[in-house]
Amino acid sequence: MGSTSTLDTDAAITDLVVSGATTSNPEVVEWVTEVAKLTKPDAVVWCDGSQDEWNRITSEMVEAGSLIPLNQNLRPGSFLARSTPNDVARVEDRTFICSENEADAGPTNNWRAPAEMKAELMPLFDGSMRGRTMYVVPFSMGPVGGAITQLGIEITDSPYAVLNMRIMTRMGQAALDGIVPGSEWVRTVHSVGAPLEPGQDDDPWPCNDLKYITHFPETLEVWSYGSGYGGNALLSKKCFALRIASVMGRKEGWLAEHMLLLKLTNTDSGKVYHLSAAFPSACGKTNLAMLQPTIPGWKVETIGDDIAWLRPGNDGRLYAINPEAGFFGVAPGTGESTNPVAMETLWGNTIFTNVALTDEGDVWWEGKTDAVPDHLIDWQGNDWTPDSGRPSSHPNSRFTVPIQQTPTLADDWFEQDGVPIDAILFGGRRATNVPLVARSLSWQHGVFVGATISSEKTAAAEGTVGELRRDPFAMLPFCGYNMADYWGHWLEMGERLGENAPKIFQVNWFRKGADGRFLWPGFGDNSRVIDWAIRSIEGEAPGRETPIGVVPADGELNLAGIEEVAADLDEIFAISPESWLAECDLTEEFFARFGDRVPEGLRAELAALRQRLGA
Ligand code: GTP
Ligand code: SPV
Ligand code: MN
């Protein structure tokens, strides 16, 4: 076309943006224009979230070799994407909180001054979308118009991100129409950082070795550069719904949490309960959200598997929504025996990333079936057989699927103003020390338990898998402000909720015996733990008090059908005072990192725990 020099001019760019704009809100149009002038795309598309748009983008990506269509008979409407090996997980060491004051980011976040970070980023974003299409993706987190809902826009040069955003959020015109002049909304910008020279061949998974995931909580902005994967690129998710939203929530009196949400019905009495649970990445939120009880008396329905926003309602109780509209779930370990509901959910309309391709044109991953296929194409596009000596799928390979395909989806997911929460679980992946379940002695004690959670690292983030680390409230990589202030916010929420505050439990499905095997069968049998927790709330299972909380008394945990587990119960519930006192010393060290910002209430809980342990 010979028009590059024309397109380079600001006037032409402005025309690209304005001619297709689907909003008359000047604040939006001006912001999009500004980003376009900086990133200099070849084309601008205002997304409407329609099926036509999905069809067009998937076709283009298939043509470009960025998506592989799966066998339409086996997996209709579904595609496989393969990332490059240097872009497979969240990059925590490249994630930054850019608050004006360093202390407001706190010692668990990487901090940069906003102006400094912008100065570092702008040269990278300058021309970063050259040769590409810039997509404008308006989205709603929660039902449009709901009491807890928030709106945002992601600008991205990744069509893969657009497709995923269409699944993960309520994306489209209704969200854009909700962004009216003067309203609060979150501005997010994403570039894979791989501009194309005229005539240059594109990579099937464009990205950059240099990555930045940056948050500006005071101006409600996210700028993400260099990665196309998951939470690095789907900016509605961790960047907005956790890091930015946690800051909004603190200011406005609500909570943005790394939690699943489920609805529980007692099938005898008809009584309904709602639970939320915070577990670190790849520690079983999706599994629990889709729980199939192995004991009678309970029906479990799914509301969310990753993020919950919780806000006190008019009646003084704590209400929660799942702000998302899809699952971005871990594939390996998800199978008929461990999570049949997920397997049913994935029947079609799914984007799989970094799993293996079967000879029939379907997908496979470790744990999907007991039988291992004789031949696959692995996540890197190479031939694979059971003797290859390496996994066929990346350990952080994922599926993106609309939540409305979940056979166990609760009507409550559609609730404009959320559901009242009865119980909150905190958990982690702990081979030792932490018992299967313990009820906290008070809200303050529960906040202490959440604040001191440790967990073995998983493949969800780049780094060493298996290393034990503190992951308070499963929010270590996701809290957008000083973690100690966050604990203080939780304590204040408890004061505000008073009698109406949910009960808090600590759980651990991952305790191992001396022989290295999991002591607790887990998965569907976790219903037995939930059954006990609810009966304990109702006063039907008083439990046995230990120094770390109330555990099931003899006979209170329903083991009907898994009687063999009884032999391991002592080990599953063992609480060693020496080990716990050693944990207390580590907690003291951990708290010391936050100096005098640690709330007095948590120091008091540490002292009280030591006393109960007999120090
Ligand atoms: P993110 O999406 O990364 O936030 O994680 P998630 O918490 O939703 O992870 P998910 O539920 O997908 O966790 C998957 C991993 O946890 C798989 O390796 C499962 O096998 C394992 N898992 C889940 N529930 C249990 C359980 O009850 N017992 C055991 N032993 N493993 C479990
Ligand atoms: C997690 O890592 O906790 C996830 C996946 O839920 S990602 O969206 O990539 O952060
Ligand atoms: Mn998560």
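The values are calculated or read from the model by the stated rules, or taken from the named source; none is laboratory data. Bear in mind the structure is a predicted one, so any value in this text is a computation, not a measurement. All Cβ positions, glycine included, derive from the backbone under ideal geometry; neighbour counts span all protein chains shown. Note: areas computed on protein heavy atoms with side chains; ligands, DNA, RNA excluded. Shrake-Rupley method; radii C 1.70, N 1.55, O 1.52, S 1.80 Å.
Among the residues of the range 262-273, are any open to solvent by 10 Å² or more (accessible area, probe 1.4 Å), closer than 27 Å to THR334 by Cβ, within 16 Å of ligand 3 (Cβ to nearest atom) and not assigned by TED's automatic domain parsing to the domain that holds PRO395?
no
Restricted to the range 458-479, and to residues that are in contact with a strand residue (DSSP E or B) (Cβ under 6 Å, 6 or more places away or on another chain) and away from ligand 2 (no atom under 11 Å from the Cβ), which residue is nearest to ASP585 (Cα to Cα)?
ARG470
Identify all residues within the range 436-464 that are open to solvent by less than 40 Å² (accessible area, probe 1.4 Å), part of a loop (DSSP other than H, G, I, E, B) and either outside the structural domain of ALA501 (by TED's automatic domain parsing) or more than 16 Å from ligand 3 (Cβ to nearest atom) (or both); write none if there are none.
LEU436, SER440, THR452
I need the full set of residues from the range 280-301 which are among the β-branched types (Val, Ile, Thr) and either farther than 14 Å from GLY524 by Cβ or within 13 Å of ligand 3 (Cβ to nearest atom) (or both), in order please.
Result: THR286, single match.
Restricting to the range 262-297, name every residue that is within 16 Å of ligand 1 (Cβ to nearest atom) and hydrophobic (A, V, I, L, M, F, W, C).
Across the range 262-297, the qualifying residues are LEU262, LEU275, ALA277, ALA278, PHE279, ALA282, CYS283, LEU288, ALA289, MET290, LEU291, ILE295.
Out of the range 332-357, which residues are of a type in the set (S, T, N, Q) and either open to solvent by less than 20 Å² (accessible area, probe 1.4 Å) or in the same structural domain as ALA175 (by TED's automatic domain parsing) (or both)?
Across the range 332-357, the qualifying residues are THR334, ASN339, THR345, THR350, THR353, ASN354.
Per-residue answers, yes or no, for (1) free of Cβ contacts under 8 Å to residues at least 40 places away in the same chain; (2) β-branched (Val, Ile, Thr); (3) open to solvent by 20 Å² or more (accessible area, probe 1.4 Å):
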position	(1), (2), (3)
PHE523	no, no, yes
SER527	no, no, no
SER536	no, no, no
ASN558	no, no, yes
ILE562	no, yes, no
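Of everything in the range 286-298, what is farther than 16 Å from VAL437 by Cβ and either aliphatic (A, V, I, L, M) or open to solvent by less than 10 Å² (accessible area, probe 1.4 Å) (or both)? Give them in sequence order.
ALA289, MET290 - these are the residues of the range 286-298 that are farther than 16 Å from VAL437 by Cβ and either aliphatic (A, V, I, L, M) or open to solvent by less than 10 Å² (accessible area, probe 1.4 Å) (or both).
What number of residues in the range 236-261 are within 16 Å of ligand 1 (Cβ to nearest atom) and aromatic (Phe, Trp, Tyr)?
Qualifying residue count for the region: 1.
Can you tell me which residue among THR219, THR188 is of a type outside the set (Gly, Ala, Ser), touching a residue at least 40 places away in the same chain (Cβ under 8 Å) and open to solvent by 70 Å² or more (accessible area, probe 1.4 Å)?
Of THR219, THR188, the one residue that is of a type outside the set (Gly, Ala, Ser), touching a residue at least 40 places away in the same chain (Cβ under 8 Å) and open to solvent by 70 Å² or more (accessible area, probe 1.4 Å) is THR219.
Any residue that is modelled with pLDDT under 95, more than 23 Å from ILE167 (Cβ to Cβ) and hydroxyl-bearing (Ser, Thr, Tyr) - is there at least one of those in the range 337-348?
yes
Kindly indicate the residue of the range 302-331 that is within 15 Å of ligand 3 (Cβ to nearest atom) and more than 26 Å from ALA501 (Cα to Cα) and also most open to solvent (accessible area, probe 1.4 Å) among those meeting that condition.
Only one residue tops the list, namely VAL330.
Only one of these conditions is not met by LEU425: (1) away from ligand 3 (no atom under 16 Å from the Cβ); (2) in a strand (DSSP E or B). Which number is it?
All conditions pass for LEU425, except number (1).
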